[in-house]
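Here's the structure we're looking at; comments come further down.
Where a number appears in this text, it was derived from the coordinates with a stated rule and is not lab data. These numbers come from a predicted model, not from an experiment. Cβ atoms come from the backbone with ideal geometry, glycine included; neighbour counts cover every protein chain shown.
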Amino acid sequence: MQMSQPEDHAAMSFALTDEQTMLRDTVRSFLDDKSPVTRVREVMEGDSGVDEDLWDAMAELGLQAMHIPEDYGGAGFGLLETGIVLEELGRNVVAVPYFSSVVLGGSAVLIAGSEEQKAEILPQLGSGELRLALAVTEEGRGWDPADIALEATADGDSFVLHGGKSYVVDGHSAHMFVVSAREASGISLFLVPTDAPQVTTSRIETMDMTRQQAKVTFDGARVPASSRLGPAGSGVATLDYLYDVAVAMLAFEQVGGAQRCLEMSVEYAKGRFQFGRAIGSFQAIKHKCADMLVRVESARSAAYYAGWAAVEDPDELAVAAPTAKAYCSDAYLFCSGETIQVHGGIGFTWEHDAHLYFKRAKTSQLLLGDSGEWRAKLASRIGI
C-alpha cells in the first residue's frame, strides 16, 4: 500500500541539493512572473476559479509530473521535489488544482492503482490534461474513513453509487473523482469520471476563494468493477497512507505561505513610520516579527522532516506527518494573523493581500483534519 521507496535509506538532510535549489528558484521566478497576486485576485473572482493559462504553463515545465515515475511518463523525481514546488505555490496562494490533482488524486493512483490504471491515468495527469479530485468527506462528517456512508452496490460486473460528497477540493474543475464508498467488503476507492451519468457537481461557497470546493451527488451512477482502486475493502489502508503523504506535502505549502506573511510584515514594518520612527523599531512589532520567524523556521524543519520521511522512511512518516500537519497548520495561521496585526487597519481590508493568506491558512488547517485530530493521531501512534 506504499509508493516505491529506495532500498537504502539516505542520511537525513534538510539542505537542498544544487538541483533542488535550481528547481525552487525556477518555480519562484516563474510564479512571480505568471501569477502575481493581482492575477490571483482576477482568477479567484472569475467563473472557474482556476488559472487555466498558468496550469498549462506549469505543464510545459513538467511540474505536474514531478513525482510520477518515468515509466508512466513522469519526471521521476521524489515527493521532496513536489514539496518544493508546493512551497512556492503556497508562497503566492496560486489558484490552480495542484494539491488536489497531483498530490491527493495522483498519489491515490500511485499507492493503490493497478498497472493498467497507472499506465492510463498517470501520463495524462503528468501532462496536465487530466485532473483528479479526491471525494471522501460527506455533509456533516469528517475525514475519518469510519464516517463514509456513500454506498457502492455490486451489480454484475459494475458498481452502482448512491450518496453524496462535500467539500471536494477543486471538484468543480476535475475530470475524474477518486471516490470513497462503502461496499459489502468494506471501504473501497473508485475512479469515476466527473461527466458520468447520474453524477452532479456544484461549487460551494467557502472562505478561501483561491481554493475552490464542490459538492458532488452520485444518484445511481454506474462504474465498471475495473474502476476500483486496489482490492475490495482496501480503502481504509490506502486513505491512511495517502493522508500521511498529503499532509506532509500540505506542510510545504503552509510553510511557503507563512514565509510570505513574514516577509510582508518585515517589509511593511521597515517602511511604515509613526512618531518619526519606522514601526519596526517598536518593541511590540519586533516581538511579533521575531515570533513569526521562529514559527516559520520551526515549521520548515517539520515540513522537510516529513518530506524526507515520505521518500526515505515510510515508518518514520507515521510520526513525521502528524507532527508537520499539526505544527505547520498552527504556525501558518499564527503568522497570517500576526501579519494582519502588524499592518494595522489596512491589514483588515479587502484591498490588502493579508486576508488571502489568512483564509488559506484557516482552510488548510482544517483540510484533511484539524491540528487537534492530528495531534491525537500522533499520540496514538507513539503509544500515549
Checklist line | 20 Å Cα-Cα threshold exceeded, pairs from Lys325/Lys359; Lys325/Lys362; Lys34/Lys215 | finding: Lys34/Lys215
Margin query: Students often forget the sequence filter, so: which aspartates and glutamates lie under 19 Å Cα-Cα from Lys270 once same-chain residues fewer than 8 apart are removed?
Written below: Asp291, Glu338, Asp353
Next item on the list: Report Rg/Rh for the chain, rounded to two decimals, where Rg is the Cα radius of gyration and Rh the Kirkwood radius.
Entry: 0.98
Checklist line | Rounded to 10°, Cα long-axis angle of helix 371-381 versus longest principal axis of the chain | finding: 60 degrees
Next item on the list: Under 1.5 on a/c is rounded, so check that first for region 134-233, then, if it is not, pick prolate when a/b is larger than b/c and oblate when it is not; a ≥ b ≥ c are the square roots of the alpha carbon gyration tensor eigenvalues.
Entry: prolate
Next item on the list: Place a +1 charge on the Cβ of each Lys and Arg in region 235-288 and a -1 charge on the Cβ of each Asp and Glu, then give the dipole magnitude about the Cα centre in debye, rounded to the nearest 20.
Entry: 620 debye
Item checked: Charge dipole (debye, nearest 20) of the chain; +1 at Cβ of Lys and Arg, -1 at Cβ of Asp and Glu -> 1580 debye
Checklist line | Kirkwood Rh and Cα Rg combined as Rg/Rh, region 320-376 | finding: 1.07
Next item on the list: Rounded to the nearest 500, what is the 222 nm mean residue ellipticity of the chain from helices alone, with -39500 (n - 2.57) per DSSP H run of 4+ residues and division by all residues?
Entry: -16500 deg cm²/dmol
Next item on the list: Any chance you could check the Cα centroid distance between region 310-384 and region 164-222 for me, in angstrom?
Entry: 25 Å
Note to self: Below 10 angstrom from the Cβ of Val40, what's the summed charge of the other residues (Lys, Arg +1; Asp, Glu -1)?
What the structure shows: -2
Notebook entry, point to check: What's the long-distance tail for region 283-341, i.e. % of Cα pairs beyond 12 Å?
Noted result: 65 percent
Checklist line | Prolate/oblate/rounded call for region 18-130, Cα gyration tensor, a/c under 1.5 rounded | finding: oblate
Checklist line | Cysteines in the chain that, by Cβ-Cβ distance, have no pairing candidate under 4.7 Å | finding: Cys289, Cys328
Notebook entry, point to check: So, by mean Cβ neighbours within 10 angstrom, what's the order for 25-35, 125-135, 68-78 with the highest one leading?
Noted result: 125-135, 68-78, 25-35
Notebook entry, point to check: What are the residues whose amide H is under 5 Å from the amide H of Ala135, where those residues sit 5 or more places off or on another chain and H is modelled from the backbone?
Noted result: Val178, Val179, Ser180
Checklist line | Cα-based convex hull, region 51-92, per residue volume (Å³, whole number) | finding: 59 Å³
Margin query: Rounded to the nearest 20 debye, what is the charge dipole size of region 134-233 about its Cα centre when +1 sits on each Lys and Arg Cβ and -1 on each Asp and Glu Cβ?
Written below: 120 debye
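Which GluC sites (Glu not before Pro) does region 325-382 hold that lie in a coil by DSSP with at most 11 other beta carbons within 10 Å?
Glu351
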